[in-house]
1. Any idea what the dipole of segment 212-365 comes to, in debye rounded to 20, about its Cα centre with Lys/Arg Cβ at +1 and Asp/Glu Cβ at -1?
2. As a quick test, which of the pairs 31/190; 206/342; 31/342; 31/206 have an alpha carbon distance above 31 angstrom in this structure?
3. Kindly identify segment 22-79 as rounded, prolate or oblate by the Cα gyration tensor criterion: order the square roots of the eigenvalues as a ≥ b ≥ c, call it rounded if a/c is under 1.5, otherwise compare a/b with b/c, prolate if a/b is larger, else oblate.
4. Could you work out which residue, out of 321, 286, 16, moves most in a Gaussian network model of the chain, that is, has the largest mean-square fluctuation with Cα springs under 10 Å?
5. Lys and Arg at +1, Asp and Glu at -1: add these up for the other residues within a Cβ distance under 15 Å of residue 23 and post the number.
6. Which whole-percent values make up P(r) of segment 7-146 when all C-alpha to C-alpha distances are grouped in 5 Å steps starting at zero?
7. Based only on other Cβ atoms within 10 Å, what is the fewest-to-most ordering of 31, 50, 190?
8. Set the Förster radius R0 to 35 Å, insert the Cβ-Cβ distance between residue 77 and residue 231 as r into 1/(1 + (r/R0)^6), and round the FRET efficiency to 0.05.
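Values in this text are rule-based calculations from the coordinates and carry no lab data. Owing to the predicted nature of the structure, the values given are computational and were not obtained by experimental measurement. Heads up, the Cβs are rebuilt from the backbone with ideal geometry, glycines too, and the neighbour counts pull from every protein chain shown.
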Amino acid sequence: MQILIAGGGIGGLTAALAFLKAGHSVTVLEKAPEIAEVGAGLQISPNGMKVLDALGASARVSRDAFRPRAQELRLGRSGARIFSVPLREASQARWRGEYLHIHRADLVEALKACVTDRAPDAVRLGATVTGYENTGTGIVALLSTGERVAGDLLVGADGIHSSVRAQMLGPDKPRFTGNVAWRAVVPVSKLGDYPPPETACVWAGKRRHAVTYRLRRGSLANFVGVVECAELGDESWTSVGAREQALKDFKGWNPVIQRIIDEAPLLLRWSLYDRPEMPKWQDGRAVLLGDACHPMLPFMAQGAVMAIEDAYVLAKEVGRALAKGEGADVEAGLKAYEAIRKPRATRVQNVARENAALFHRSNPLYQLGTYGPMWVAGKYLPSVVHGRHDWLYGHDVTGPG
Ligand code: FAD
């Protein structure tokens, strides 16, 4: 088949790799004129790494990544540790995959290199998809230049503001959550005595929380700071915010957090919007994946990982439909993909929503009731804390199921 993919981000490039590996021809239509170093860090959990392993991409992806020692929760102002559970070794032993911290640009670049190794001309940059036409036996992707690109399947992997979804489901009606996320990446060498720990660390506070971790083999510090705020803004990897505002938002916080904000060469500001479950993910030969069909709040660090899982399952289910030979029903494969993926993605979306409340509580009684048992579990029963993630990190879409 000729597979057209709108969007050369994380989900689109993983889908390209999965379809190439299955023997199909692939064209990725990416609107950006070049793959630039936009965005910040991402956490890629073992359920995502198992897919990258199966696609032969994990060595390249992990080359410049960082392997966090532990998962921690601290109080934002004092830095007091509420719990810490091992992650580096536990991840392989318990969930059969690595837990990585990686710059989004490094991940996209590594995936792109894996795709172009197999098919040097597969990625077309500067190609903006505006819509599609189902033709009965195939599909045509419509580009902003008026060009029509014909194929057998169009995968809408064009992210949170997807044009493919807009045509399939009509205008988007996101709900502002009242939260904005600051993001910054800073060389550790600039942080003096206050580098962030070599862990995946959540810092909890009143109506705000922060997440710190390391990137590029530990040489960069990544910061995400989520603050409740009434003012609406953009959902974009490139919206820049003012340092004075970020410092105000984290006034009185631990020096680790303040130092990162002080030294950040650029502070990105992403307003967090929520969307309900989409009624459907496919229409004829057009199908959605990743943020295009299940954008989620970042409080589970799973948006990109879910896009990676989607990509693998999509190629697998299309392959299964085609294996029926004469009269193969590709659209049945797309429906099977949606039926498998939607319940899982929706569950992750829901848990991410609940986590926002967990990190932002400031009532001392609540803190005692919630953090007390967490401290005990982290110290004496780390496997209880790990067990809470088994359904997520232990999942393996590359298995025979
Ligand atoms: P994207 O990565 O957004 O890629 C979409 C691509 O499509 C882009 O390259 C874009 O240029 C292109 N495109 C858009 N429109 C068109 C068009 N019309 N035609 C052609 N191309 C087009 N996820 C994690 O797994 N772990 C984390 O730790 C994590 N942290 C996060 C922290 C924050 C603050 C935020 C906001 C998100 C976080 N995420 C995380 C979520 C993650 O970034 C997204 O879920 C992920 O990037 C989605 O991948 P995607 O391929 O669906 O979309």
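1. On the way: 21 positive and 20 negative charges, 105 e Å.
So the magnitude is around 500 debye.
2. Numbers: 31/190 35 Å; 206/342 33 Å; 31/342 27 Å; 31/206 39 Å.
Long pairs (Cα-Cα over 31 Å): 31/190; 206/342; 31/206.
3. It is oblate, given that a/c is not under 1.5 and a/b is not larger than b/c.
4. Judging by the Gaussian network model, the answer is 321.
5. Taking every other residue near residue 23 into account, the sum is +3.
6. Taking every Cα pair in segment 7-146, the percentages come to 2, 9, 15, 17, 16, 13, 9, 7, 5, 4, 2, 0, 0.
7. Ascending number of Cβ neighbours within 10 Å: 190, 31, 50.
8. For residue 77 and residue 231, the calculated efficiency is 0.90.
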